[in-house]
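See below for the structure under consideration.
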Amino acid sequence: MNRDFRELGRSGLQVSPLCFGGNVFGWTADEATSFSLLDAWVDAGFNFIDTADIYSRWVDGHEGGESEGVIGRWLKRRGRRDDVVIATKLGHQQWDEARRGLKPERIRQAVEDSLKRLQTDHIDLYQAHTDDPETPMADTLGAFAELIRAGKVRAIGASNFTAPRLAEALRTSAALGLPRYESLQPLYNLLDRRVFEDELQALCVAEGVGVINFYALAAGFLTGKYRSVADAAKSARGSNVVKRYLDERGLRVLAALDAAAARHGAKPGQVAIAWQLRQPGITAPIASATSLPQLQQLVAATRLRLTDEDMAALDAASA
């Protein structure tokens with residue numbers, strides 16, 4: 001069992017060192033597979049699960065909420081609510097006008113919808129999926145405060161915020177005595193370093209904001225799954241992954257991952273996660289799996305200890 005839990009920000013939430021990305025539930029993992037993955041995740045000693053109300057609206061025939069619905073039905077069937085920390089998100093800009101953004105009335109409706117789909121009476125971590133500069137920060141945080149007082153939400157977090165906007169939110173919380181964003185969900189991996197490292201990392205470390213970065217495996221590229229244009233046919237999102245990452249730098253990073261993996265008897269994706277776990281401020285990278293062997297590799301990644309030489313080589317390759 002993995003017992004390496006850590007507090008998320010100052011929230012009091014004790015989370016495992018890796019977060020299961022629930023975007024696959026009801027999409028690339030059907031319900032039966034999703035249930036088996038969730039069972040195995042908890043049985044392995046992990047507790048952190050991330051989803052969003054918009055998952056998986058991008059799929060033809062889906063309306064959004066499919067992932068939350070799968071998790072809710074799993075919770076009802078298994079009765080393991082106390083074994084997990086559930087994080088979900090609201091307000092993504094890809095929603096229609098009635099459901100996007102962080103206006104108080106939107107937050108109040110969104111939380112009820114998510115609670116119903118999740119079949120629970122509270123959300124452990126409720127996150128603003130994207131920033132909403134058109135709504136005053138105090139209004140948004142005040143609405144979140146209402147949810148916390150009502151016991152519907154335990155802590156709040158932000159996703160896809162810039163450093164200036166996150167800093168503004170933290171100042172607003174302090175000045176008005178409102179709950180603060182205890183976590184940030186930024187894009188971060190060996191190939192997407194700049195957004196987090198340039199400004200957000202120092203702010204999160206200084207303010208004690210927990211970081212649960214998404215795309216930890218660069219949509220599968222860092223597993224070594226996509227090494228040529230022909231590999232794009234391996235999955236539904238393969239072509240986009242290849243276009244985004246398959247270049248000289250991407251191949252250089254894969255070579256460094258391969259070398260470190262060979263030294264440790266590990267897989268490239270495990271090395272990519274182990275590298276993130278040594279970065280200042282990182283609490284729990286988010287990664288997904290659609291099969292039990294993939295999930296077992298994620299679990300093993302948290303036990304992999306890279307050397308300083310490994311880290312230097314990966315840093316150089318991804319610079």
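The values are calculated or read from the model by the stated rules, or taken from the named source; none is laboratory data. Model, not experiment: these values are computed from the prediction. Ideal geometry is used to build each Cβ from the backbone, glycine not excepted, and the neighbour counts take in all protein chains shown.
Couple of notes before you dig in:
- Among residues of the range 54-83, those that are part of a loop (DSSP other than H, G, I, E, B), within 20 Å of the chain's Cα centre (by Cα) and without any contact (Cβ under 8 Å) to a residue 60 or more places away in the chain, counted: 7
- Reported count of residues in the range 23-40, each being in contact (Cβ under 8 Å) with a residue 60 or more places away in the chain and either over 14 Å from Leu295 (Cα atoms) or under 19 Å from the mean Cα position of the chain (by Cα) (or both), is 6.
- Lone unmet requirement of (1) among the aliphatic types (A, V, I, L, M); (2) out of contact with any helix residue (DSSP H, G or I) (no Cβ under 8 Å at 6 or more places or on another chain); (3) touching a residue at least 40 places away in the same chain (Cβ under 8 Å) for Leu115: (3)
- Hits in the range 214-235 - residues which are assigned to a loop (DSSP other than H, G, I, E, B) and touching a Ser or Thr at 6+ places or on another chain (Cβ under 7 Å): Leu217
- Among (1) surrounded by fewer than 18 Cβ atoms within 10 Å (Cβ to Cβ); (2) at pLDDT 90 or above; (3) more than 24 Å from the chain's Cα centre (by Cα) - the single one Val229 does not satisfy: (2)
- Candidates Ala169, Ala158, Ala233: the one that is in contact with a strand residue (DSSP E or B) (Cβ under 7 Å, 6 or more places away or on another chain) and either farther than 24 Å from Pro17 by Cα or of a type in the set (Lys, Arg) (or both) is Ala169.
- Answer residue from the range 298-319, given it is free of Cβ contacts under 8 Å to residues at least 60 places away in the same chain and in a helix (DSSP H, G or I) and is surrounded by the most Cβ atoms within 10 Å (Cβ to Cβ) among those: Asp310
- In the range 109-213, counting only strands (runs of 3 or more DSSP E) that sit wholly within it, none holds 3 or more residues that are farther than 21 Å from Tyr55 by Cα.
- Total residues in the range 84-99, condition surrounded by fewer than 14 Cβ atoms within 10 Å (Cβ to Cβ) and touching a residue at least 24 places away in the same chain (Cβ under 8 Å): 2
- Residue match in the range 266-283 (condition: more than 30 Å from Phe35 (Cβ to Cβ), out of contact with any Lys or Arg (no Cβ under 7 Å at 6 or more places or on another chain) and assigned to a helix (DSSP H, G or I)): yes
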